[in-house]
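Notes to accompany the following structure.
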Number of protein chains: 2
Amino acid sequence: MTGKVYGLGLGPGDSELVTVKAARLIGATPVVAYPRTQHGDSFVREIAAPYVPATAIELPLDTPMAIDTAIAQAKYDEHAELVAAHLEADRDVVLLCEGDPFVFGSFMYIYDRLADRYEVEVVPGVSSITACAAAAGLPLAGREDILTILPATLPEAVLERELAQTSAAVVMKIGRHLDKVRRVIDRLGATGGATYVERALNPSQRVVPLARLTDAEAPYFSVILVFRDTD
Amino acid sequence: MTGKVYGLGLGPGDSELVTVKAARLIGATPVVAYPRTQHGDSFVREIAAPYVPATAIELPLDTPMAIDTAIAQAKYDEHAELVAAHLEADRDVVLLCEGDPFVFGSFMYIYDRLADRYEVEVVPGVSSITACAAAAGLPLAGREDILTILPATLPEAVLERELAQTSAAVVMKIGRHLDKVRRVIDRLGATGGATYVERALNPSQRVVPLARLTDAEAPYFSVILVFRDTD
């Protein structure tokens, strides 16, 4: 007998935007695992706080900033084995994820390493895509709209090509790419239809028309919504 | 004093995939409004069932199938006025939405009609986009992936152009467009990387590789996930 692992999407940050299912599973599962930064912070552990019982075995996973280096991959190997050790002892594990586990999260690196060997259930969460739209009061897509989701880490030319072709886009994980993304949107003449959303639906949320944003940098948890008339 | 309206995303169908916030608001708000089909069914009312108190004033909104006709627009005018009547009497209203309110839902037609006149709060929900990925066990996007969300109602040539350009796509609301979408995916040689998901995370869920799907038609609540190697 081995345990089961649940990948739980906990939404954009407000503990009330956790699903009833994720809240129940956090309370009922012996091991609660979550990523932690090198500074010892865990945003997703904060989101889960109201639901983590005092009896939980906590398993913080120290997560590297970069993901494509050999060091980072070795870290994910290590995390998978830390989780697997509990599964082998027939203890179920919940793995907490910001937003949705399958949209630009680090969960998929552990998923890739465990899904063939153990039972894994993914519980979807409110993704930052729809959280940002709700925060800004801007419907994302209706009728025959096309919606494009782009990470801000893409090369400038790729961002420009993609944004030039779509009527609605969410550019994710702005962070230190703010200048690049702004340049591209400016060149496309799309600044008037662009909205910057930082920490959607969190107490420190900011929603600012891109044309009025004077910041030089943005946090990782920020997006730019771009709506253009392409007809 | 006028009431406030909440647009609540209730997720893909499982009542446990409702957020803690939406569950609380359903229980605490005097008027519970929801779309209802011409047959008198309301899928979203079923999702909400565990959270609707016996004391709620229920406001079913008979919703047309088509959305772009003058008759449909008149219906949405009528719905907005039904909701507004409660707001004018200083009663708050929750408006229940399948999935997320701002992703291909009928909520935005009422939102357009009320947001200028009343306080409207949108509470995001688990969208069918991520629910289908969770059901299929297929991560949607990571690292520098681009994700395209397309309604199956698009003309065949537009679908083909969009799918030819992206490495990951979710084609929504398959319904009677199954043949058309399948033809396009076949022509692009992408059938091997395509998965059909029907009623994700509901008891009647089906996940079938597109290559093995023999159905001639699909329900409205079905999507096809398409992953292609475009490098």
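The values are calculated or read from the model by the stated rules, or taken from the named source; none is laboratory data. Quick caveat: nothing in here was measured; it's all calculated off a predicted structure. So basically every Cβ, Gly included, is an ideal-geometry build from the backbone, and we count neighbours across all protein chains shown.
Quick notes
- Selection count where residues are surrounded by fewer than 19 Cβ atoms within 10 Å (Cβ to Cβ) and either free of Cβ contacts under 8 Å to residues at least 40 places away in the same chain or among the acidic types (D, E) (or both), scope the stretch B:194-212: 7
- Sole exception among (1) assigned to a loop (DSSP other than H, G, I, E, B); (2) within 9 Å of chain A (Cβ to nearest Cβ) for B:A23, by number: (1)
- No other residue among A:A133, A:A157, A:A211, A:A190 is over 30 Å from A:D77 (Cβ atoms), modelled with pLDDT of 95 or more and within 8 Å of chain B (Cβ to nearest Cβ) apart from A:A133.
- Any hit, the stretch A:168-183, residues being closer than 24 Å to B:A135 by Cβ, in a strand (DSSP E or B), under 18 Å from the mean Cα position of the chain (by Cα) and within 13 Å of chain B (Cβ to nearest Cβ): yes
- Output for the stretch B:55-108, where each listed residue is among the charged types (D, E, K, R) and assigned to a loop (DSSP other than H, G, I, E, B): B:D68, B:D90, B:R91, B:D92, B:E98, B:D100
- Scope the stretch A:109-126; condition within 20 Å of the chain's Cα centre (by Cα), not aliphatic (A, V, I, L, M) and not in a helix (DSSP H, G or I); matching residues: A:E121, A:P124, A:G125
- Test: residue in the stretch A:126-135 that is in contact with a helix residue (DSSP H, G or I) (Cβ under 7 Å, 6 or more places away or on another chain) and farther than 29 Å from B:G11 by Cα: no
- Any hit, the stretch B:10-18, residues being of a type outside the set (F, W, Y), without any contact (Cβ under 8 Å) to a residue 24 or more places away in the chain, touching a helix residue (DSSP H, G or I) at 6+ places or on another chain (Cβ under 9 Å) and not in a strand (DSSP E or B): yes
- Given (1) part of a strand (DSSP E or B); (2) among the polar types (S, T, N, Q); (3) at pLDDT below 95, number of the condition A:T195 does not satisfy: (3)
- Only one entry of A:I224, A:I185 meets the criterion of being under 26 Å from B:K21 (Cα atoms), among the aliphatic types (A, V, I, L, M) and either crowded, with 24+ Cβ neighbours inside 10 Å or not assigned by TED's automatic domain parsing to the domain that holds A:I47 (or both), and that entry is A:I224.
- The single residue among B:G105, B:G142 that is at pLDDT below 95 and assigned by TED's automatic domain parsing to the domain that holds B:R199 turns out to be B:G142.
- Residue list for the stretch A:112-122, filter: more than 7 Å from chain B (Cβ to nearest Cβ) and either buried (at least 24 other Cβ atoms within 10 Å of the Cβ) or among the acidic types (D, E) (or both): A:D112, A:D116, A:E119, A:E121
- Of the residues making up the stretch A:166-193, just one is closer than 19 Å to A:L147 by Cα and without any contact (Cβ under 8 Å) to a residue 12 or more places away in the chain, namely A:G189.
- Scanning the stretch A:87-104 finds one or more residues that are under 18 Å from the mean Cα position of the chain (by Cα) and either more than 14 Å from every other protein chain (Cβ to nearest Cβ) or surrounded by fewer than 20 Cβ atoms within 10 Å (Cβ to Cβ) (or both).
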